[in-house]
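**Q** Structure in structure tokens, see below.
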């Protein structure tokens with residue numbers, strides 16, 4: 001019985017992601033999610049009493065899948081440049097499969113700040129201490145330019161995140177169809193890493 005419940009919950013998550021991604025939180029309907037999952041609305045409400053609670057559960061599940069990956073990258077024993085490449089690869093690969101996540105974060109910060117503040121105060125964020133110290137060491141060793149380590153982290157996340165958040169604007173501005181834009185997103189793994197490395201190395 002427990003396995004059946006787990007499978008049903010996973011099916012609900014997958015269906016909710018699809019509907020939330022295509023229609024957003026405001027436009028999504030619980031009936032649509034139930035239909036997508038192939039269950040009745042009463043069963044959906046058995047697992048999640050409201051659309052907001054389902055949205056928050058999907059948000060938490062996705063975020064907690066990504067956070068450990070980023071933590072592992074930042075705290076590995078790889079070289080600084082390898083970490084930059086690995087970050088770009090893992091982050092973009094994950095978000096390509098979970099396109100809703102960056103938009104969800106922005107939505108929650110704007111529309112439900114209490115939940116966002118509570119969640120982010122409790123969530124286990126990637127700890128960048130080792131990565132920051134590694135940047136300082138590379139500066140001292142004169143292998144990279146004098147930079148603010150925190151600026152580099154902000155650059156890494158910003159360059160990776162915005163093409164997903166700003167997809168409708170950028171896709172229209174660059175006159176790319178869906179398939180072409182998705183190809184651009186995949187190319188950014190190497191593009192971002194090369195650009196950042198070239199900007200800081202001596």
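Please treat every number below as a calculation from the coordinates, not as lab data. Remember, it's a predicted structure, so these values are computed and weren't measured experimentally. Positions of Cβ are generated from backbone atoms using ideal geometry, with glycine treated the same way; all protein chains shown enter the neighbour counts.
**Q** Hey, rough spin-label estimate for residue 23 and residue 42, points 7 angstrom out along Cα→Cβ, what's it come to in nanometres?
**A** Rounded to a tenth, the inter-label distance reads 2.2 nm.
**Q** Taking the chain as the reference, fit the longest principal axis to its C-alpha atoms, fit the long axis of helix 51-74 to the helix C-alpha atoms, and give the angle between the two in degrees, 0 to 90, nearest 10.
**A** Its long axis makes an angle of about 20 degrees.
**Q** When 97, 82 are ordered from fewest to most other Cβ atoms inside 10 Å of their Cβ, what list results?
**A** In increasing order of surrounding Cβ atoms, one gets 97, 82.
**Q** Could I ask something else about it? Helix 80-97: angle to the longest alpha-carbon principal axis of the chain, degrees 0 to 90, nearest 10?
**A** 20 degrees
**Q** Report, to the nearest 10°, how far helix 178-200 tilts away from the longest principal axis of the Cα atoms in the chain, using its own Cα long axis and a range of 0 to 90°.
**A** Once rounded, the angle reads 30 degrees.
**Q** If you don't mind, another one. On alpha carbon coordinates alone, what is the Rg over Rh value for the chain, Rh being the Kirkwood radius?
**A** Here Rg/Rh amounts to 1.03.
**Q** Would you mind classifying the range 1-70 by shape? Square roots of the alpha carbon gyration tensor eigenvalues, ordered a ≥ b ≥ c; an a/c under 1.5 is rounded, otherwise it is prolate if a/b is larger than b/c and oblate if not.
**A** oblate
**Q** Counting alpha carbon pairs within less than 8 Å and at least 6 residues apart, what relative contact order, in whole percent, applies to the range 86-202?
**A** 42 percent
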